[in-house]
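**Student:** Quick one: the structure is below, questions incoming.
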Amino acid sequence: MFKLLVTGSNGQLGRAVNKLYEGNKEIELVNTDVAELDITNLEQTLEFVEQVKPYAIINCAAHTGVDACETDIDNAYKINALGPRNLSIAASKVGAKMVQISTDYVFSGDADKPYTEFDEPAPQGVYGKSKLAGELFVKQFADKFFIIRTAWLYGDGKNFVKTMLRLAETNDKVRVVSDQYGSPTSTKELAKIIDKLLWTENYGTYHGTCEGSCSWADFAKEIFRLAGKNTEVDYITTAEYPTPAKRPAYSVLEKFMLKLTVGYEPADWHDAIAEYIAEL
């Protein structure tokens, strides 16, 4: 029996991990959210992990409010940097593997070709900087770790797809940014990527997104098409939709390490979103 400690289990990814291992007799999931475990508290984290003695810790907990992070700086660093540090220290103590979920926001977004795992991070905002600090702590304190950078996530919870479908209920036309490019990724696909790595010793940093890329506006258009909505997409620029935090203009991630080590090729984003909308 393998015990997996899942933090942030009520979030989109936490739920997807639970769904993936549902009914698996070999795996016992120990689900925690902030009520059960405060990962920003080292003593509490050490005590909890010592008690559970998991095979691996899958850290799905994060402060993901990109704009909110710009002003809520202390909490951003507590959750996104100190949390992974504390879990890594605890993981090493009990010999557990550490899975840390990171983000495309660790890059500047100025590239003109997909970022590989070997490109130099240069985060532009507090969210990206705090997540990069979390990566560095994991490398420093975890003996056995997988850092998986992902992007544009959607699953069971609040996300861009559901926002678009909600807007389509009452709007004939929706304004969506067309000059930011990335890879829409389902939590179902990311959970599979975690599973492909978890049982190996291919430790290191990975990119974990669906294949292919598009702009937010193109993504919205595809969502409406699949959902049978007649809502039009008004293509606008980032300048026309200012936000407190700077978004990466181009943050497509190349899955170089994933293909090189475990030979896994994630689903194309078109297929993943089609499946998601069919399930909705």
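The values are calculated or read from the model by the stated rules, or taken from the named source; none is laboratory data. Keep in mind it's a predicted model, so treat the numbers as computed, not measured. All Cβ positions, even for glycine, are placed from backbone atoms using ideal geometry, and neighbour counts span all protein chains on display. Surface areas here come from the heavy atoms of the whole protein model, side chains and all, with no ligands, DNA or RNA. Shrake-Rupley method; radii C 1.70, N 1.55, O 1.52, S 1.80 Å.
**Student:** If r is the Cβ-Cβ distance from TRP199 to GLN51 and R0 is 22 Å, what FRET efficiency results, to the nearest 0.05?
**Tutor:** Plugging the Cβ-Cβ distance into 1/(1 + (r/R0)^6) gives 0.40.
**Student:** Here's another thing I want to ask about it. When only the heavy atoms of the protein chains count and the probe is 1.4 Å, how do VAL138, VAL262 rank by accessible area, highest first?
**Tutor:** Reading off the accessible areas and sorting them downward yields VAL262, VAL138.
**Student:** Return the distance in nm (one decimal) between the two label points of a simple spin-label model at GLU36 and PHE160, each offset 7 Å from Cα along Cα→Cβ.
**Tutor:** 3.1 nm
**Student:** Suppose the Debye formula is applied to equal point scatterers at every Cα of the chain; what is log10 I(q)/I(0) at q = 0.08, 0.11, 0.16 Å⁻¹?
**Tutor:** Results for the chain at q = 0.08, 0.11, 0.16 Å⁻¹ read -0.32, -0.61, -1.29.
**Student:** Expressed in nm², what is the orientationally averaged projection area of the convex hull enclosing the Cα positions of region 1-130?
**Tutor:** 8.9 nm²
**Student:** Using a 1.4 Å probe on the protein heavy atoms, what percent of the accessible area of the chain belongs to carbon and sulfur?
**Tutor:** 49 percent
**Student:** How much mean residue ellipticity at 222 nm does the chain get from its helices, if each DSSP H run of length 4 or more adds -39500 (n - 2.57) and you divide by all residues, to the nearest 500 deg cm²/dmol? Please list the in-between numbers first.
**Tutor:** On the way: 11 runs with 109 residues, N = 280.
Using -39500 (n - 2.57) per qualifying helix, the result is -11500 deg cm²/dmol.
**Student:** Students sometimes get this wrong: rank GLU201, GLU279 by accessible area, probe 1.4 Å, all chains present, largest first.
**Tutor:** Numbers: GLU201 145, GLU279 120 Å².
Descending order: GLU201, GLU279.
**Student:** I need the semi-axes of the equivalent ellipsoid of region 73-164: take the C-alpha gyration tensor, multiply each eigenvalue by 5, square-root it, list largest first in whole angstrom.
**Tutor:** Result for region 73-164: semi-axes of 24, 17, 14 Å.
**Student:** Running Debye on region 121-221 with equal point scatterers at the Cα sites and no solvent, what base-10 log of I(q)/I(0) appears at q = 0.18, 0.24 Å⁻¹?
**Tutor:** Listed by q, the Debye log ratios stand at -1.01, -1.34.
**Student:** If you don't mind, another one. When the Karplus curve 6.51 cos²θ - 1.76 cosθ + 1.60 is applied with θ = phi - 60°, which whole-Hz ³J(HN,Hα) does each residue of region 39-48 get, with x for Gly and Pro?
**Tutor:** 3J(HN,Hα) across region 39-48, in whole Hz: 5, 7, 9, 4, 4, 5, 5, 4, 4, 5.
**Student:** Further question on the same structure: How do HIS207, HIS270 stack up against each other in accessible area, from largest to smallest, with a 1.4 angstrom probe? Walk me through the intermediate numbers first.
**Tutor:** Working: HIS207 0, HIS270 80 Å².
The residues order as HIS270, HIS207, largest area first.
**Student:** How many angstrom separate the Cα center of region 14-92 from the Cα center of region 162-187?
**Tutor:** Rounded to whole Å, the Cα centres lie 29 Å apart.
**Student:** Relative to the longest principal axis of the chain, what angle (0 to 90°, nearest 10) does the C-alpha long axis of helix 187-198 take?
**Tutor:** Compared with the principal axis, the helix lies near 30 degrees.
**Student:** While we're looking at this one, here's another question. With every protein chain left in place, what is the accessible area per residue of region 108-202 in square angstrom, probe 1.4 Å?
**Tutor:** Working: 4390 Å² over 95 residues.
Per-residue value: 46 Å².
**Student:** Can you tell me which of 217-227, 81-91, 38-48, 122-132 comes out highest on packing, and rank the rest after it, using the mean Cβ neighbours within 10 Å?
**Tutor:** Going by the mean number of other Cβ atoms within 10 Å, highest first, we get 81-91, 122-132, 217-227, 38-48.
**Student:** Could you work out how far helix 216-227 tilts from the main Cα principal axis of the chain, as a 0 to 90 degree angle to the nearest 10?
**Tutor:** 80 degrees
**Student:** Just the C-alpha atoms of region 162-220: what Rg/Rh do they give, with Rh taken as the Kirkwood radius?
**Tutor:** 1.15
**Student:** Could you work out how far helix 83-94 tilts from the main Cα principal axis of the chain, as a 0 to 90 degree angle to the nearest 10?
**Tutor:** That helix lies at roughly 30 degrees to the long axis.
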